[in-house]
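What follows is a short report on a single structure.
Bear in mind that the values in this text are calculations on the coordinates, not laboratory data. Quick caveat: nothing in here was measured; it's all calculated off a predicted structure. Neighbour counts run over all protein chains shown; Cβ positions are idealised from the backbone, glycine included.
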Amino acid sequence: MFVHIRDLQYRYSNSDHLTINKFNLTINKGEITTILGESGSGKSTLLRLIAGLEMPSKGNIMVGDDCMCSQSKFVQPERRGIGMVFQDYALFPHMTVSENIKFGLVKWSRKDKKARLQEVLELVNLEGYEKRYPYELSGGQQQRVALARALAPKPKLLLFDEPFSNLDADLQIKIREELRKILKTTGVTSIFVTHDQEDAQALADRIVILRGGEVSQNGTPEEIFGTDCDISDRIAVKPRVLSRT
Amino acid sequence: MNWIRNIKSNMNSWAILSIVFIILILLPNLSIIFQFFSEPNENWAHIREYMLNTYIKNSLILVVAVGVLSAIVGSSLAWIISAYQFPLRNFFQWGLILPLAIPPYIGAYTYHGIINYTGVIQTTLRNQFGVTVDQQYFDIMNMPGTIFIFVIFLFPYVFTITKAFLARQSTSLIENARLLGSNPWKIYFKIVLPLARTSIVAGVSLVILEVLNDYGVVKYYGIQTFTTAIFQTWFGLGDLASAIKLSGTLMLIILGLLIAERVLRGRKRFSFTTTKVKLLKPVQLKGVSKWVAFSYATTVFAVAFIIPFIQLIYWATLTYEQFFSEDLLSVIGNTIMVALIAATLITIMAIVISNFSRLHRGLTAKLFPKVTILGYSIPGAVIAVGIVTLFIGIDKFMYQNTLVSSYVLSTSIFMLVFAYVVRYLAVAYNSIESGFERIGTSFTEASRILGQNITKSFFKVDLKLIRGAIFGGFILAFIDILKELPLTLILRPFNFETLATNAFQYASNEMIHEAAVPSILIIIISAIAIYFFHHVLERE
């Protein structure tokens, strides 16, 4: 077991109900887990708890052999070695693509930084874009930069917060496939948060369904949705705006 | 052991510095509150018996009259300029903010100089037309005159806030009303006023705080208010204890006003806001209405800026040799030096506190911004009382413990700078806080997840993204300090003059021509900053 979350509980200070309650999860190394839930189910909060951006009121989080959070310990996000791709990407607008990607390579030598930059750019298919600023890129390209930036420091665990919500539908399908390939190549353990069932099915080795801050189902995509229905059918059936600007 | 973990992981240099700064700001206020309950002396009994009612009455009359009138002038101008196109409209957009560059006390003695027996109006009437007027109608040094001065020099607070709201937030509602065929008056009274209520109230509260803070105007025009009373009991009677009691009473009144404002707004606190910013497109006015709008804006602009400014320039030409005197140079040097030091400290403190409170959850993080505003709501004279008692207390303690050989702190420039910081922290804080709000927290979070701690994230990411807001906050604080009068009068070290005290001193000694040069310097520096702000920064 690579990631181990036990009995996690969280409450926003101005609310009297628990946003996350009795949450348990174990993830194997290299596995892609999707947390599926409607808005308000607590899924984004869960991701922020794992990243260290929020402090749980109860529970433990272990990643690898390190305890990230317990009753007596709280590791700050900058010391967790966890990567995250934000919903709005949060690319630093005043830095170029290469500066963004090198940002997390703290204490790397210049040479290593340069080599790593080329490596991840190749991985996300963006060679030659080093000098661009984020606003000069399309939505899909921005997302790849965000992915490259998160992958660059070789995180133990990679988190994705609704990674496709800002993309057009057809782009979304393409990137989804690509992303799964990249993650499997690098072998990084990752957790996705989404409200989209298709995303979950297409990407995940394991799906966790979150309802009202508690796990309501946990299993492989087949166990949860069955095998009778092909993914591509669903996509075709579900009406969607397929405009691309 | 949860709470130990929570405290430990929330304690970083930003938190510790914020707590230290907040305590420093609270100290002078606490020292008033503590001494407010001390045993009253004879003076206080006398003041309460015979004078307190007058102070309360005059202060309230000023607050209510100036509040209502500046709401009317400010909101009507904001409406005309947001909704209609007429000659010089684009100039008035920022031109009508310029009156803020003239501190009311300078406006007060300028207008007195224009209107009195030897002023330009009466001499022209006498010499050119042989008319000698009844002095009764040409006296501005009374309550209506005071109200007039405050309204014309302070209405821009209401004007700017309301205009910003109307231009950005109300477009669809006003366009709908237009399509439904409402006439302009109906739109103004039925839609603009109720919708913009929150912004108008916000503007009016700033005006009221300025009125209560003022010492220059009411002193010069001989109106007895709380502020003049504090000065009088302190320096006239030499009775600091009673001055503290007056200050405490005034603080209570302001607290009451602030609570009343909250309660009045109550549930009606809605402000119609959309994230979609759509600019209101002004409608071209035609015929008479075009010229009515133009004349209204022009008249206000002339009265509130052009006329006093020209008069001051004329006086300055009579005394321009002053420009080359060493005295003036040292006054300019003093003014810029204290303003720079204090504004820099204010900016640093505002950055630290706002960065702390946006990155942390919990009660302290929510309370700190409220404390920064405290100093801005409390009149300068009251802050001065608090700071003097505090510093004398510290000095006494150090002297008795033979740490120092004389009272060091309470005779130094340090006390004045500290007072500026307490009073104007809110000015820079608001600007910096809104800068932080604009960028949100996700850049900082991204940076932290990529391995940079809060401090490094601040210097590498946040600072670069909110440079404009920080610079803006610094300039605003600098300008306010430059114009400041009551605090500076009380707390400056012996023989230390700033442009503001220099101008006020000359005017009080009836050397009105000599007051013109320092006044113009203040106005020009402030006007440049205002132009820069509303013309250059708003375009960005």
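For A:ARG211, the residues whose modelled amide H falls within less than 5 Å of its own, excluding neighbours fewer than 5 places apart on the same chain, are A:SER216.
Using only side-chain charges placed at the Cβ, +1 for Lys and Arg and -1 for Asp and Glu, the dipole size of segment B:40-308 relative to its Cα centre rounds to 1620 debye.
The residue list B:THR198, A:THR33, B:ASN334 was ranked by how far each Cα lies along the charge dipole of the protein assembly as shown toward its positive end, using unit charges on Cβ atoms, and A:THR33 comes out on top. Across chain B, C-alpha contacts under 8 Å between residues 6 or more apart give a mean separation that, scaled by the residue count, equals a relative contact order of 22 percent. Counting only lysines at least 8 places from A:LYS131 when in the same chain, those with an alpha carbon closer than 27 Å to its own are A:LYS102, A:LYS107, A:LYS111, A:LYS113, A:LYS114, A:LYS154, A:LYS174, A:LYS181, B:LYS456, B:LYS460, B:LYS464. Each residue of segment B:285-298 was assigned a 3J(HN,Hα) from its phi angle through the Karplus expression (A = 6.51, B = -1.76, C = 1.60, θ = phi - 60°), giving 8, 10, x, 4, 4, 4, 6, 5, 4, 4, 5, 4, 4, 5 Hz with x at Gly and Pro. Here the 3J(HN,Hα) profile of segment A:209-217, calculated from phi with Karplus coefficients 6.51, -1.76 and 1.60 at θ = phi - 60°, is 9, 10, 9, x, x, 10, 6, 9, 8 Hz, Gly and Pro shown as x. Relative contact order of segment B:40-308: 34 percent, from C-alpha pairs under 8 Å at least 6 residues apart in sequence. For A:GLY83, the residues 5 or more places off, or on other chains, whose built amide H falls under 5 Å of its own are A:LYS156, A:LEU157, A:LEU158, A:LEU159. Look at the stretch B:45-51: the mean tally of other chain Cβ atoms within 10 Å of its residues' Cβ atoms is 0.
Shape of segment B:314-408 from its Cα gyration tensor (a ≥ b ≥ c, root eigenvalues): rounded if a/c is under 1.5, otherwise prolate when a/b > b/c, or oblate? Taking the square roots of the gyration eigenvalues as a ≥ b ≥ c, segment B:314-408 is oblate.
Mean per-residue shielding of peptide A:100-108 is 3, counting Cβ atoms of other chains within 10 Å of each Cβ. Start at zero, step by 5 Å, and the Cα-Cα distances of chain A spread as 1, 6, 13, 17, 19, 16, 13, 9, 4, 1, 0 percent across the bins. Here each label is just a point 7 Å from Cα along the line to Cβ, and for B:ASP134 and B:LEU367 those points are 6.0 nm apart. Residues whose amide H comes within less than 5 Å of that of A:TRP108, counting only those at least five positions distant or on another chain, are absent (H built at 1.01 Å from N in the peptide plane).
Residue-wise HN-Hα couplings along segment A:92-108, as the Karplus relation 6.51 cos²θ - 1.76 cosθ + 1.60 with θ = phi - 60° gives them from phi, are 5, x, 8, 10, 6, 4, 5, 5, 4, 5, 6, 3, x, 8, 5, 6, 8 Hz; Gly and Pro carry x.
What the Cβ-Cβ distance of A:TYR133 and A:SER57 gives, at R0 = 51 Å and to the nearest 0.05, is a FRET efficiency of 0.80. At q = 0.13, 0.16, 0.19, 0.20 Å⁻¹ the log10 of I(q)/I(0) for segment B:1-147 amounts to -1.01, -1.11, -1.19, -1.23, computed by Debye summation with a single uniform scatterer per C-alpha, solvent ignored.
Translational diffusion coefficient, Stokes-Einstein: compute it for segment A:106-187 using the Kirkwood radius over C-alpha pairs as Rh, at 37 °C and 0.692 mPa s, and state it as an integer in µm² s⁻¹.
In µm²/s, the coefficient rounds to 241.
Only lysines eight or more places from B:LYS57 in sequence, or on another chain, were considered; those with a Cα closer than 24 Å are B:LYS219, B:LYS245. Once each of the trypsin sites (Lys or Arg not before Pro) sitting in a DSSP loop with at most 13 other beta-carbon atoms within 10 Å is removed, chain B keeps B:1-268 as its longest stretch. Dividing the helix sum by the residues of chain B, where each DSSP H run of 4 or more adds -39500 (n - 2.57), gives a mean residue ellipticity at 222 nm of -23000 deg cm²/dmol. Principal semi-axes of the equivalent ellipsoid, √(5λ) from the alpha carbon gyration tensor of the protein assembly as shown, are 58, 33, 24 Å from largest down. More than 21 Å apart: what percent of Cα pairs in segment A:82-154 qualify? That fraction is 14 percent. The Cβ shell under 14 Å around B:LEU179 holds other residues with a net charge of +2, Lys and Arg each +1, Asp and Glu each -1.
Cα-based values for segment B:40-308, radius of gyration first and Dmax second, are 21.7, 68 Å.
Length, then width, then depth: along the principal axes, the Cα atoms of chain B run 83, 62, 50 Å.
Dividing the convex hull volume of the alpha-carbon atoms in segment A:148-227 by its residue count gives 113 Å³ per residue. Peptides B:488-499, A:84-95, B:68-79 ranked from most to least packed by the mean count of surrounding Cβ atoms within 10 Å: B:68-79, A:84-95, B:488-499. Ordered from longest to shortest, the equivalent ellipsoid semi-axes for segment B:410-487 are 32, 14, 9 Å, each the square root of 5 times a Cα gyration tensor eigenvalue.
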